[in-house]
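Data block below; observations after.
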Amino acid sequence: MNLKTIPLGVIGAILAAAGVIGYSVVPENFWLVALLEGSALLCLIISFVVHFSGLKAFSSRRSTRVGANSLLMILLFVGILVIVNFLAARHSIRWDLSENQNFSLAPQTYRVLRSLPREVSITVFTREKDPGYQSYKERLDSYRQASSKISVEFVDPERQPKIAQNYGITRTDTAVFESAGHSVRVNAPSEVELTGALIRVSQDSKKRVLFLEGHGEPSFDDRERTGLSAAREILFKQGYDVGTLSLLKEAAVPDHTAILVVAGPRRPVIAEEQERIHAYVEKGGHLLLLIDPDTQADLNPLLKRWGLGVGPGALVDLQDRLAQGDLTSLLVRTFTEHEITQDLSAAVLFPLARHITFDEQAGSAWDYVPLARTSPNSWAETDLKGRVVNLDEKEDIKGPLPMAAALAPKIAPEEGKPRPAIVVIGNSTFATNAFVNFPGNSDFFLHSAAWLAEERNILAIVPKDSALRTFTPNPLQERALLYLQVILLPATMFFSGIMVWRRRRRL
């Protein structure tokens, strides 16, 4: 046996293929891959030297030259494909053709990714057979492509139990976000969860949101329909630190409070408390007021200091309201151009709201912007005891009327000083557990909070639901559908049948 009888070329090709397979299976064992590829190269070189004379004679044949040309064309074509794939991997372009853009990130997420202050590593503990694996992979690939500061690693807790044990993982489909010593975990691959975790882990401090208590306000510990636990959870997922405040016990609103929320007080807010709220705003604080109609919380003395007020009665809208609902269940679609409303695409449901007023003389130093209005076919009904059906022009107030407004000083404060801001909404029920998950309600609530906290990147991210969505018509659309489906279409089919029958009789 000599070197010519040993199929060194075949052995070299097998070793080269084994090296490629080994690198794809166990990339961490680089020494093994290097050994296989080095051995393959050595076998191929020896085979070429040993069979050099035979290769030289073979290459001089005409059939070999023709075959070489064909092989060269094949190699050129393969090379073009390799270059195109390399460029596509480095500069990929994706098209999302799904109906509701299930595979595209929200504009708010892109803002967060563009403004990341530091590197964030994401470790996803999941298995390929787990339900969340594909969703994590698709979404986090989009995150990684949008920002070079994102690194993602998938770990199978069954194959690598030591890593899972070090992280304290007790369930699969868990993603751990890490950055500069901070760690946040999520258990769902939704964009809302992932972006919220990204915001929390990339910030050294959280904005503090305090809810005023002590006046019969809904509790954010209450998980019933009237509670605010869902609103608290939404704020927490967006990176806020949420707590409560009693100005009956505290002499002032604590420093570093990003937003003070007065949500649906039922009992009177005494003068001392209103004075403390006013002092907080004057020092550059941000106030969110959710004021329901027909309550004993008399906040008009506080509001008058900024030229604001809340009108009497409850708003009634014959056009923009929830179909088959009460006349006071407003389905608001008319918004003013403002940072809070610029990305709103869904209607906001306000059950039993009141309108907001503004005195330009008393509030001359403030820039007043009404955020949402009723339709022209609306009014403020002052007689809540009777049945709301007709407009009494002597007693009631004709619409359109604003039910939410934003207030900011016309003159910017001195450099280094915070800018005060106020948002007043004539309803608090829209933020309760029963209604906050309505398509536009959480958006409006979070947009207001983001504007007040001066965090333009932390805005609502609408969950990507399935393409099958419920259609909520207003009364006009409801009547149009009734006439179309119950009267027009059957009548059209009936007359068409009569015409066909008469034509066939004439034949």
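The values are calculated or read from the model by the stated rules, or taken from the named source; none is laboratory data. Computed from a predicted model, the values in this text were never measured in an experiment. FYI the Cβ positions are ideal-geometry reconstructions off the backbone, even for glycines, and counts take in every protein chain you see.
Among the residues making up the stretch 244-261, those that are in a strand (DSSP E or B) and touching a Lys or Arg at 6+ places or on another chain (Cβ under 7 Å) are T257, A258.
If you go through the stretch 130-175 and keep only what is part of a helix (DSSP H, G or I), surrounded by 18 or more Cβ atoms within 10 Å (Cβ to Cβ) and of a type in the set (A, V, I, L, M), you end up with L140, A164.
For (1) within 30 Å of H256 (Cβ to Cβ); (2) acidic (D, E); (3) buried (at least 20 other Cβ atoms within 10 Å of the Cβ), each residue gets a yes or a no:
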site	(1), (2), (3)
F350	no, no, yes
E360	no, yes, no
V369	yes, no, no
R373	no, no, yes
W379	no, no, yes
D383	no, yes, no
A406	yes, no, yes
R419	yes, no, no
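Looking at A297, is it modelled with pLDDT under 95, in the same structural domain as A412 (by TED's automatic domain parsing), part of a loop (DSSP other than H, G, I, E, B) and under 28 Å from A365 (Cβ atoms)? When the stated conditions are applied, A297 passes them. Could you check, for the stretch 410-418, whether at least one of its residues is closer than 16 Å to G307 by Cβ and in contact (Cβ under 8 Å) with a residue 24 or more places away in the chain? Yes, the stretch 410-418 contains a residue that is closer than 16 Å to G307 by Cβ and in contact (Cβ under 8 Å) with a residue 24 or more places away in the chain. Criterion first (touching an Asp or Glu at 6+ places or on another chain (Cβ under 9 Å), of a type in the set (D, E, K, R) and part of a loop (DSSP other than H, G, I, E, B)) does R266 satisfy it? When the stated conditions are applied, R266 passes them.
Going by the conditions given, is L228 closer than 30 Å to Q274 by Cβ, modelled with pLDDT of 90 or more, assigned by TED's automatic domain parsing to the domain that holds P439 and surrounded by 21 or more Cβ atoms within 10 Å (Cβ to Cβ)? Considered against the rule, which asks whether it is closer than 30 Å to Q274 by Cβ, modelled with pLDDT of 90 or more, assigned by TED's automatic domain parsing to the domain that holds P439 and surrounded by 21 or more Cβ atoms within 10 Å (Cβ to Cβ), L228 comes out as yes. Residues that are closer than 29 Å to A434 by Cα and surrounded by fewer than 18 Cβ atoms within 10 Å (Cβ to Cβ) do occur in the stretch 282-294, at least one of them.
Out of curiosity, is L194 closer than 26 Å to H286 by Cα and aliphatic (A, V, I, L, M)? For L194, the condition - closer than 26 Å to H286 by Cα and aliphatic (A, V, I, L, M) - is not met. I234 falls short on exactly one of the conditions (1) at pLDDT 85 or above; (2) within 27 Å of V112 (Cα to Cα); (3) in the same structural domain as L299 (by TED's automatic domain parsing), and that condition is (1). Taking residues in the stretch 337-351 that are of a type in the set (D, E), and partners anywhere that are in a loop (DSSP other than H, G, I, E, B), not one pair has Cβ atoms closer than 6 Å while being at least 6 places apart or on different chains. G284 satisfies every condition listed in (1) without any contact (Cβ under 8 Å) to a residue 24 or more places away in the chain; (2) in a loop (DSSP other than H, G, I, E, B) except (1).
Filtered by the rule that a residue be closer than 13 Å to L330 by Cα and not in a strand (DSSP E or B), the stretch 400-417 gives P400, L401.
When P189, P218 are checked against the criterion of being modelled with pLDDT under 90 and either assigned by TED's automatic domain parsing to the domain that holds V436 or buried (at least 18 other Cβ atoms within 10 Å of the Cβ) (or both), P189 stands alone in meeting it. Looking at this structure, is A412 in the same structural domain as D294 (by TED's automatic domain parsing) and modelled with pLDDT of 85 or more? It is false that A412 is in the same structural domain as D294 (by TED's automatic domain parsing) and modelled with pLDDT of 85 or more. Selection of the stretch 335-386 for residues being under 24 Å from A412 (Cα atoms), touching a Gly at 6+ places or on another chain (Cβ under 9 Å) and not in a loop (DSSP other than H, G, I, E, B) yields T357, F358, W366, Y368.
So is G239 assigned by TED's automatic domain parsing to the domain that holds G214, of a type in the set (G, A, S) and modelled with pLDDT of 90 or more or not? No. Annotation note: of F211, F220, the sole residue that is part of a loop (DSSP other than H, G, I, E, B), of a type in the set (F, W, Y), within 25 Å of the chain's Cα centre (by Cα) and within 30 Å of P351 (Cα to Cα) is F220.
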